[in-house]
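Each reported figure results from applying straightforward, stated rules to the coordinates on display, with no laboratory input. Everything numeric here is computed off the predicted structure, so don't read it as measured data. With ideal geometry, Cβ positions are generated from the backbone for all residues, glycine too; neighbour counts draw on all protein chains shown.
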Amino acid sequence: GFVIGTAVAGGGHHESQPYPDPFTSDEPYRAALAREFSSVSPENQMKWEYIHPERDRYNFAAADAIVDFARRNRQVVRGHTLLWHSQNPAWLEQGGFSKEELREILREHIFTVVGRYKGRIQQWDVANEIFDGEGNLRTQENIWIRELGPGIIADAFRWTREADPKAELFFNDYGVESINAKSDAYLALIKDLRAQGVRVDGFSAQAHLSMRYGFPADLADNLRRFSRLGLETAITELDVRMDLPESGTPTDEQLATQAEYYQRTLDACLSVRGCDSFTIWGFTDKYSWVPVFFPAEGAATVMWDDLTRKPAYFALQDSL
Ligand code: XIL
């Protein structure tokens, strides 16, 4: 049951993706996507700004194409994401809606999107990045929590469950690889929801790692705390960025360190019961979000632009 996944590039912020949609236009990319992976995650194509661009209009084309591709290639799909503070459309953020309207907008969105892919999504990131680094709910940035209060999180899980009873429902975040204030906050929230009778199936760490900060050595211990509660865990967005030298080409030493980070992340997941899904956030540097979002860092994926394999690719293969 263990799956290895990747994000499917496309649909991002314009600056981060100034190229034609790789999924439809890059044949070697598609071939590798079909060949190398048993799980896929739409990188942007199921986010609100993309799939729900106007209040009364959904845009399912790209998400449909990914879900169909996955079925043809016997891959599972991770749905990403339903309740988030980022990449929401302007009509939603600036809409001036009443509380009742907002609640209905979220409910309708969840039933529409989750319902459309019912039975085709293995894991849904129901709530993404709801806590800040101190482990406080993002009560200002997150429109849902700000306007409707934290109870909306439980509602989002209930509605998703109702719309697709077989999907596994997750909390997903970055900076929760280690035991820290943020991962503690998730542990407490999940226990609290459970006490209220709201079932949560999983907790996932994105794992956007940077070689600047070192490897989160307690990753397995952290995931195990969730596993002991009977939860699934997952690595959902792994990449390992580094400071690029003048030349733009990483040194052999950097590549070796990167390979070690990839391998340690996979080994940690494999060592935890219920960590059955391991996803990298894109497989080629050609389409990686990293250079756009983290100036001076890059080369974060397991393949070069021409899809040849880096040491990190072989390190993952070694662990499987
Ligand atoms: C990123 C995408 O990779 C970019 O293309 C987009 O422009 C911005 O979002 N955490 C998440 C992902 O949950 O959705 C983000 O993806 C990366 C951080």
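Summary of values
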{"read-out": "Cα centroid separation - the range 1-73 against the range 100-153, whole Å", "value": "21 Å"}
{"read-out": "Lysine pair count for the range 3-319 [Cα-Cα under 26 Å; pairs on different chains or 8 or more apart]", "value": "9"}
{"read-out": "In degrees, nearest ten, helix 252-271 long axis to first principal axis of the chain (Cα)", "value": "50 degrees"}
{"read-out": "Top positive-direction residue, dipole computed over the range 3-319 with Cβ charges, set Ser39, Pro53, Gly119", "value": "Gly119"}
{"read-out": "Highest-MSF residue in the chain out of Phe23, Phe37, Phe293 [GNM, Cα springs under 10 Å]", "value": "Phe293"}
{"read-out": "Order of Met46, Met303 under a 10 Å beta carbon neighbour criterion, fewest first", "value": "Met303, Met46"}
{"read-out": "Additional length obtainable on full extension of the chain from Asp318 to Arg120, 0.36 nm per residue less Cα span", "value": "68.3 nm"}
{"read-out": "Selection from Leu229, Phe215, Thr279, by position along the positive dipole direction of the range 163-284 (Cβ)", "value": "Leu229"}
{"read-out": "Within the range 279-320, backbone nitrogen closer than 12 Å to the virtual label 7 Å beyond the Cα of Ala34 toward Cβ", "value": "none"}
{"read-out": "Two-site label geometry, Arg57 and Glu104: point separation in nm, points 7 Å out along Cα→Cβ", "value": "2.2 nm"}
{"read-out": "Gained length - Leu270 relative to Asp306, 0.36 nm times residue gap less alpha-carbon distance", "value": "10.0 nm"}
{"read-out": "CD proxy at 222 nm, helix term only [per DSSP H run n ≥ 4: -39500 (n - 2.57); per residue of the chain; nearest 500]", "value": "-11500 deg cm²/dmol"}
{"read-out": "Angle in degrees between helix 61-72 and the longest Cα principal axis of the chain, rounded to the nearest 10", "value": "60 degrees"}
{"read-out": "Kirkwood Rh and Cα Rg combined as Rg/Rh, the chain", "value": "0.95"}
{"read-out": "Surrounding net charge for Phe170, when Lys and Arg each add one and Asp and Glu each subtract one, Cβ distance under 11 Å", "value": "-4"}
{"read-out": "Highest-MSF residue in the chain out of Ala195, Ala167, Ala299 [GNM, Cα springs under 10 Å]", "value": "Ala195"}
{"read-out": "Karplus-derived HN-Hα couplings along the range 157-162 (A = 6.51, B = -1.76, C = 1.60, θ = phi - 60°), whole Hz, x at Gly and Pro", "value": "5, 4, 5, 5, 4, 5"}
{"read-out": "Percent of beta bridges antiparallel (DSSP, the chain, rounded to nearest 5)", "value": "10 percent"}
{"read-out": "Charge tally in the Cβ shell below 12 Å around Gly11, where Lys, Arg are +1 and Asp, Glu are -1, Gly11 excluded", "value": "-2"}
{"read-out": "Prolate/oblate/rounded call for the range 188-320, Cα gyration tensor, a/c under 1.5 rounded", "value": "prolate"}
{"read-out": "Size of charge dipole - the range 91-190 - debye, nearest 20, with Cβ of Lys, Arg +1 and Asp, Glu -1, no other charges", "value": "440 debye"}
{"read-out": "Charge dipole magnitude, Cβ of K and R +1, D and E -1 - the chain, Cα centre, debye nearest 20", "value": "1220 debye"}
{"read-out": "The chain: angle of helix 99-116 to the longest principal axis, Cα-based, in degrees nearest 10", "value": "50 degrees"}
